[in-house]
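The values are calculated or read from the model by the stated rules, or taken from the named source; none is laboratory data. Computed from a predicted structure; not experimentally measured. When we count neighbours, we look across all protein chains shown, and the Cβ atoms used for this are built from the backbone with ideal geometry, even at glycine. In case anyone asks, the SASA skips ligands and DNA or RNA and just uses the protein heavy atoms, side chains included. Shrake-Rupley method; radii C 1.70, N 1.55, O 1.52, S 1.80 Å.
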Amino acid sequence: MSVTSVEQRPFGCTGLTVSALGFGGSELGFDEGVTPAAVAGLLHPAIDAGLTVIDTASAYLESERLIGEALVGRRERVQLFTKCGATDGFSRSDWSAIGIRHQIEASLRRLKTDRVELLQLHSCSVEVLARGAAIEALETLAREGKTRFIGYSGDGEAAVWAAQCGRFDALQTSVNVADQRVLDEALPLARARGMAVIAKRPVANVAWRHGAGGPPDGYHREYWRRLRALDFDFTRRPLGEAVGVALRFTAFQPGVSTAIVGSSSPGRWNENAALLALGPLPEGEVQALRRRWQERADSSWTGQV
């Protein structure tokens, strides 16, 4: 399956135009065997096919460095998004103004650039958001030109707070067939304020591919558990077709500017872009997925950080 281009969409009310399918750099940072040359092999064909959004974070260990080296000579063709607050593989966090400044300065060095298009607070709590210092730090960095726009990346009640507060340009949050509560909560609020929405985990980590024993690591297990309960018919289709259903369900939700999929497999982004090029799911199929969620989802199934 090949793709020659990918849809470009408005990024909320920012004036940016972004690819409907973005690239997420979290997986790269935690894989010790990944090299800058390998990352270039992932990103260059995708950029040639229309990828413009590359999302990473200070917390993703080597991800920023690898992406920065891979983008030498191609930086101006992409929109770079990164995150701050959580850092060092999520082993620590610092939401102070000075801590955030030090983090973004280090991120810019690793990314080999003097600014990013979007700087996001990385999954801090409502309490941190409400104190205001972390948001003010991002606003200061935006005035200084180190980032064009600011955002919040997170889930649940913190995502709702961020969507309501009126101070962010973008919201990155989990949106997928196994995480639909956001469609009735944070997303309508974000759309009403003209915020860009970045859908993370858009294919629910493809957790249904694991059999009755479940996935080997805990990161995917919550979605696997939910999908077992939801028992969607599409998960019994061939894997590529099923991934397409999940991706198209997410990417064509009202207000979603870009859906971020990460992979260290060459060609995977282009394969996903070809699936997305099939267009929106038929409305009847979307409504069937929504009804199944409404019938079977547990009230405890909040957004996954």
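Listing for the model above:
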item: Residue in region 32-50 that is within 14 Å of the chain's Cα centre (by Cα) and in a helix (DSSP H, G or I) present; result: no
item: Restricting region 192-228 to residues that are of a type in the set (G, A, S) and open to solvent by less than 30 Å² (accessible area, probe 1.4 Å), the residue that is modelled with the lowest pLDDT; result: G214
item: Long-range neighbours under 8 Å by Cβ, at least six apart or interchain, first residue more than 17 Å from F23 (Cα to Cα) within region 166-180, second of a type in the set (S, T, Y) and open to solvent by less than 10 Å² (accessible area, probe 1.4 Å); result: F168/Y152; V177/T250; A178/Y223; D179/Y223
item: Pick from region 95-141, criterion basic (K, R) and more than 17 Å from E69 (Cα to Cα), ranking: farthest from the chain's Cα centre (by Cα); result: R131
item: Region 57-93: number of residues that are over 24 Å from L42 (Cα atoms) and open to solvent by less than 50 Å² (accessible area, probe 1.4 Å); result: 4
item: Answer residue from region 19-33, given it is surrounded by 24 or more Cβ atoms within 10 Å (Cβ to Cβ) and of a type outside the set (G, A, S) and is farthest from L61 (Cα to Cα) among those; result: L21
item: Residues of region 1-12 satisfying the condition of being open to solvent by less than 50 Å² (accessible area, probe 1.4 Å), part of a loop (DSSP other than H, G, I, E, B) and either at pLDDT 95 or above or over 11 Å from T52 (Cα atoms) (or both); result: V3, F11, G12
item: Within region 142-158, tally of residues that are more than 20 Å from the chain's Cα centre (by Cα) and assigned to a helix (DSSP H, G or I); result: 2
item: Residue match in region 149-164 (condition: crowded, with 24+ Cβ neighbours inside 10 Å, within 25 Å of S96 (Cα to Cα) and among the hydroxyl-bearing types (S, T, Y)); result: yes
item: Among (1) free of Cβ contacts under 8 Å to residues at least 60 places away in the same chain; (2) open to solvent by less than 10 Å² (accessible area, probe 1.4 Å); (3) of a type outside the set (V, I, T); (4) assigned to a loop (DSSP other than H, G, I, E, B) - the single one G15 does not satisfy; result: (2)
item: Any pair with Cβ under 8 angstrom, 6 or more apart, that starts in region 126-150 at a residue that is touching a residue at least 24 places away in the same chain (Cβ under 8 Å) and ends at one that is among the hydroxyl-bearing types (S, T, Y) and assigned to a strand (DSSP E or B); result: L129/Y152; L138/T147; L141/T147
item: Any hit, region 249-271, residues being under 13 Å from A178 (Cα atoms) and in contact with a strand residue (DSSP E or B) (Cβ under 8 Å, 6 or more places away or on another chain); result: yes
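Here's the yes/no breakdown for (1) within 24 Å of Y223 (Cβ to Cβ); (2) aromatic (F, W, Y); (3) in a helix (DSSP H, G or I):
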position	(1), (2), (3)
C124	yes, no, no
L129	no, no, yes
I135	no, no, yes
V160	yes, no, yes
L171	yes, no, no
A190	yes, no, yes
V197	yes, no, no
